[in-house]
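Quick notes on the structure that follows.
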């Protein structure tokens, strides 16, 4: 399951919608693969870097466009910056669809650390514990569990939660969320922990130095 598959499934299932991005890799993947027209619009904070923008902006979009499907595409880091607004969405009975692309990292910064700083990962792993090795740069099956459990967290607010781990589950999860008309639906997509966005311009370089693909 790749981010591209998820966004392409959104293209297929939702024809009259507002799609809102948060900030980070999720934003870049969405702007690369989302198909827009007069019935499908996108809200994003652009280059302002305001993590946490996506969910509150989606609440406003749904209140202003009650007849449209409103989908949030967020990372696991950005989603936690305004998660308390889930209470607002539940109280106002807003059937938002919240797609969390969970790679267990602050992915955009981790990608820079991987590509340009010899994988010296620092303050980007969302599974970190005090007892972890200081110089850990290799995610594996022994990593601590992710905190929080987004599905249980959604349910604690009175929202609906779905966890997607396989590509064949993507479309069904989105269809199920589309049919939910009373409360928000959180879909947690577990993507590869070291998924990268391409192309990318190395820090301090010009567009002529753009890296188009990973080695």
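Bear in mind that the values in this text are calculations on the coordinates, not laboratory data. These numbers come from a predicted model, not from an experiment. Neighbour counts run over all protein chains shown; Cβ positions are idealised from the backbone, glycine included.
Results, tabulated for the structure shown:
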item	result
From 187, 200, 191, 211, residue being touching a residue at least 40 places away in the same chain (Cβ under 8 Å), under 21 Å from residue 4 (Cα atoms), touching a helix residue (DSSP H, G or I) at 6+ places or on another chain (Cβ under 9 Å) and surrounded by fewer than 17 Cβ atoms within 10 Å (Cβ to Cβ)	211
Selection from segment 14-40 of residues that are surrounded by fewer than 16 Cβ atoms within 10 Å (Cβ to Cβ) and farther than 20 Å from residue 198 by Cβ	15, 16, 36, 37, 38, 39
Residues of segment 163-174 satisfying the condition of being under 19 Å from residue 11 (Cβ atoms) and either surrounded by 14 or more Cβ atoms within 10 Å (Cβ to Cβ) or within 14 Å of the chain's Cα centre (by Cα) (or both)	164, 169, 170, 171, 173, 174
Residues located in segment 57-66, provided they are part of a loop (DSSP other than H, G, I, E, B) and without any contact (Cβ under 8 Å) to a residue 40 or more places away in the chain	66
